[in-house]
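Engineer: Quick one: structure below, then a few questions.
The values are calculated or read from the model by the stated rules, or taken from the named source; none is laboratory data. This is a predicted model, so every value here is computed, not measured. Here Cβ is always computed from backbone atoms with ideal geometry, including for glycine, and neighbour counts include all displayed protein chains.
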Amino acid sequence: MPLSSVVNDPEALTLTVVADFPVPVERLWNAYADPRQLEKFWGPPEYPAKFTRHDLFPGGRSHYVMTGPEGDKAPGFWEFLAVDPGKSFEVRDGFADESGNEDTAMPSMRMVFAFEATEGGSRVTTATHFDSAEQLEQLLAMGMDEGMRSAMGQIDGVLADLASFAAGRVAEADILSDTQVRVSRVIRGTVDQVWRAHHDPDLMKKWLLGPDGWRMPVCEIATKVGETYRYFWEPEGEGDGFGFDGELLESHPPHRAVTTEHMTGTDYPSTTNELTLTPVAGGTLLSIVITYPSAEVRDMVLATGMTDGMETSYVRLESELASV
């Protein structure tokens with residue numbers, strides 16, 4: 001059991017949980033930075049969480065939903081107030097609806113997660129700050145103490161799973177809901193480098209090609225919210241090409257961009273693509289949450305081998321970054 005102490009201080013209006021693990025601090029940090037790993041322990045075993053958004057930068061947000069055995073749902077959010085990569089982050093934690101909008105009828109609290117190396121491995125200290133004694137009592141009565149203990153108990157298995165630590169070296173797709181898929185890959189490069197690789201037309205033409213035998217003659221970038229973009233690919237030999245167009249909905253360089261995506265010249269419905277870049281040990285965790293109009297469209301696109309084509313492009317991207 002990793003828990004070293006759980007201290008409830010009614011005078012200071014805090015609940016402080018300290019947990020120690022026999023792994024390097026970088027490994028422990030990654031468990032919180034990577035939503036694929038975080039959702040394996042954030043929440044009781046009978047209420048597993050799915051993170052549909054996880055922006056680990058100041059001003060970013062996380063959205064998650066914990067689903068119970070009867071299908072009942074408990075959505076929540078984190079609003080990131082401060083981030084010191086590898087060392088600490090501070091959030092406002094609260095209740096939400098399934099779209100991630102705050103439930104203002106319920107209390108929120110400030111949580112500080114601090115990571116440090118120890119002689120035997122690493123430690124995470126989670127300090128939760130409440131606004132009043134009544135709020136503290138209310139949330140403890142709702143099982144917050146037990147929830148924190150449960151999370152720390154589950155994280156042991158995540159940290160011991162070397163496969164989950166290595167995950168991300170190949171692009172993988174996780175189904176989050178009937179309409180959402182998250183594609184993740186750790187790219188060997190800095191956040192700034194990976195961001196530039198998605199916004200420099202000349203560089204994009206070198207790596208965003210999918211399978212061998214294609215080229216990208218058109219790469220028009222949207223740099224401001226409201227602007228549109230257009231990409232077009234064609235085979236190096238004979239054959240028809242194809243393209244995508246869309247609009248930039250959000251931009252928070254170098255961490256997050258949200259766009260629509262539509263296949264040019266068709267009446268196919270658009271998707272919404274949320275790109276998030278997070279620094280982790282070994283490079284940058286690239287996550288793209290894609291929202292489809294229906295489960296049928298989601299499954300049809302996944303069946304095309306989309307993830308394999310993306311992996312081929314990401315291998316090229318790493319090669320380009322290595323040559324810089």
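Engineer: Do any strands (runs of 3 or more DSSP E) lying entirely in segment 172-224 carry at least 2 residues that are touching a residue at least 60 places away in the same chain (Cβ under 8 Å), and which ones are they? Give the derivation first.
Structural biologist: On the way: elements: 172-175, 180-187, 214-220.
Fully inside segment 172-224 and qualifying: 172-175, 180-187.
Engineer: Can you name the residue in segment 227-268 that is farther than 28 Å from His54 by Cβ and β-branched (Val, Ile, Thr) and, of all such residues, is surrounded by the fewest Cβ atoms within 10 Å (Cβ to Cβ)?
Structural biologist: Ranking the qualifying residues of segment 227-268, first place goes to Thr266.
Engineer: Quick one: Glu238 ticks every box in (1) out of contact with any Ser or Thr (no Cβ under 8 Å at 6 or more places or on another chain); (2) modelled with pLDDT of 95 or more; (3) in a loop (DSSP other than H, G, I, E, B) bar one, so which box is it?
Structural biologist: With respect to (1) out of contact with any Ser or Thr (no Cβ under 8 Å at 6 or more places or on another chain); (2) modelled with pLDDT of 95 or more; (3) in a loop (DSSP other than H, G, I, E, B), Glu238 is out only on (2).
Engineer: Scan segment 106-135 residue by residue and report those that are surrounded by fewer than 17 Cβ atoms within 10 Å (Cβ to Cβ), over 18 Å from Leu81 (Cβ atoms) and not polar (S, T, N, Q).
Structural biologist: Met106, Glu116, Ala117, Glu119, Gly120, Gly121, Ala133, Glu134
Engineer: Among the numbered conditions (1) farther than 18 Å from Tyr32 by Cβ; (2) in contact with a helix residue (DSSP H, G or I) (Cβ under 9 Å, 6 or more places away or on another chain), tell me where Lys205 comes up short.
Structural biologist: (2)
Engineer: A further question on this structure: For segment 271-324: of the residues being in a loop (DSSP other than H, G, I, E, B) and touching a residue at least 12 places away in the same chain (Cβ under 8 Å), which is surrounded by the fewest Cβ atoms within 10 Å (Cβ to Cβ)? Even if it seems obvious, please write down each step before you answer.
Structural biologist: At the first step, the residues of segment 271-324 found to be in a loop (DSSP other than H, G, I, E, B) are 281-282, 292-294, 303-305, 323-324.
Narrowing the set further to residues that are touching a residue at least 12 places away in the same chain (Cβ under 8 Å) leaves 281-282, 292-294, 324.
Values: Ala281: 15, Gly282: 15, Tyr292: 21, Pro293: 13, Ser294: 11, Val324: 9.
The qualifying residue surrounded by the fewest Cβ atoms within 10 Å (Cβ to Cβ) is Val324.
Engineer: Phe89 - would you say it is in a strand (DSSP E or B), touching an Asp or Glu at 6+ places or on another chain (Cβ under 7 Å) and within 17 Å of Asn30 (Cα to Cα)?
Structural biologist: Values: in a strand (DSSP E or B): yes; touching an Asp or Glu at 6+ places or on another chain (Cβ under 7 Å): no; within 17 Å of Asn30 (Cα to Cα): yes.
In short, no.
Engineer: Something else now. If you go through segment 25-64 one residue at a time, how many are in a helix (DSSP H, G or I) and without any contact (Cβ under 8 Å) to a residue 24 or more places away in the chain?
Structural biologist: Number of matching residues: 1.
Engineer: Looking only at segment 6-24, which residues are of a type outside the set (Gly, Ala, Ser) and free of Cβ contacts under 8 Å to residues at least 40 places away in the same chain?
Structural biologist: Narrowing segment 6-24 to residues of a type outside the set (Gly, Ala, Ser): 6-11, 13-18, 20-24.
Residues satisfying the conditions are Val7, Asp9, Glu11.
Engineer: Follow-up. Quick one: which of Thr259, Thr307, Thr272 is closer than 24 Å to Arg36 by Cβ and touching a Leu at 6+ places or on another chain (Cβ under 7 Å)?
Structural biologist: Thr259
Engineer: If you don't mind, another one. Exactly one condition in (1) of a type in the set (Ser, Thr, Tyr); (2) at pLDDT 85 or above; (3) more than 20 Å from the chain's Cα centre (by Cα) is false for Ser184; which is it?
Structural biologist: (3)
Engineer: Could you tell me whether any residue of segment 142-152 is out of contact with any helix residue (DSSP H, G or I) (no Cβ under 8 Å at 6 or more places or on another chain), outside any helix (DSSP H, G or I) and not assigned by TED's automatic domain parsing to the domain that holds Leu277? Walk me through it before giving the result.
Structural biologist: Step one: of segment 142-152, the residues out of contact with any helix residue (DSSP H, G or I) (no Cβ under 8 Å at 6 or more places or on another chain) are 142-152.
Filter once more, keeping what is outside any helix (DSSP H, G or I): 142-143.
Okay, now just the ones that are also not assigned by TED's automatic domain parsing to the domain that holds Leu277, so 142-143.
So far as segment 142-152 goes, yes, one or more of its residues are out of contact with any helix residue (DSSP H, G or I) (no Cβ under 8 Å at 6 or more places or on another chain), outside any helix (DSSP H, G or I) and not assigned by TED's automatic domain parsing to the domain that holds Leu277.
Residues checked against (1) under 20 Å from Leu159 (Cβ atoms); (2) modelled with pLDDT of 90 or more:
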residue: Pro44; (1), (2): yes, no
residue: Phe57; (1), (2): no, yes
residue: Arg61; (1), (2): no, yes
residue: Glu79; (1), (2): no, yes
residue: Ala82; (1), (2): no, yes
residue: Phe89; (1), (2): yes, yes
residue: Arg92; (1), (2): no, yes
residue: Phe113; (1), (2): yes, yes
residue: Thr126; (1), (2): yes, yes
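Engineer: Further, regarding this structure: Filtering segment 119-133 down to residues that are assigned to a strand (DSSP E or B) and either more than 16 Å from Asp93 (Cβ to Cβ) or hydrophobic (A, V, I, L, M, F, W, C) (or both), which residue is farthest from the chain's Cα centre (by Cα)?
Structural biologist: Filtering segment 119-133 down to residues assigned to a strand (DSSP E or B) leaves 121-129.
Restricting the remaining residues to those that are either more than 16 Å from Asp93 (Cβ to Cβ) or hydrophobic (A, V, I, L, M, F, W, C) (or both) gives 121-124, 127.
Details: Gly121: 25, Ser122: 23, Arg123: 22, Val124: 20, Ala127: 23 Å.
Across segment 119-133, the extreme among qualifying residues is Gly121.
Engineer: If you don't mind, there's one more thing I want to ask. Counting only residues that are part of a loop (DSSP other than H, G, I, E, B) and hydroxyl-bearing (Ser, Thr, Tyr), which one in segment 241-269 is nearest to Ser62 (Cα to Cα)? Outline the logic, then answer.
Structural biologist: Step one: of segment 241-269, the residues part of a loop (DSSP other than H, G, I, E, B) are 241, 253-255, 264-269.
Narrowing further to those that are hydroxyl-bearing (Ser, Thr, Tyr): 264, 266, 268.
Values: Thr264: 32, Thr266: 33, Tyr268: 30 Å.
Looking at the filtered set, the residue picked out is Tyr268.
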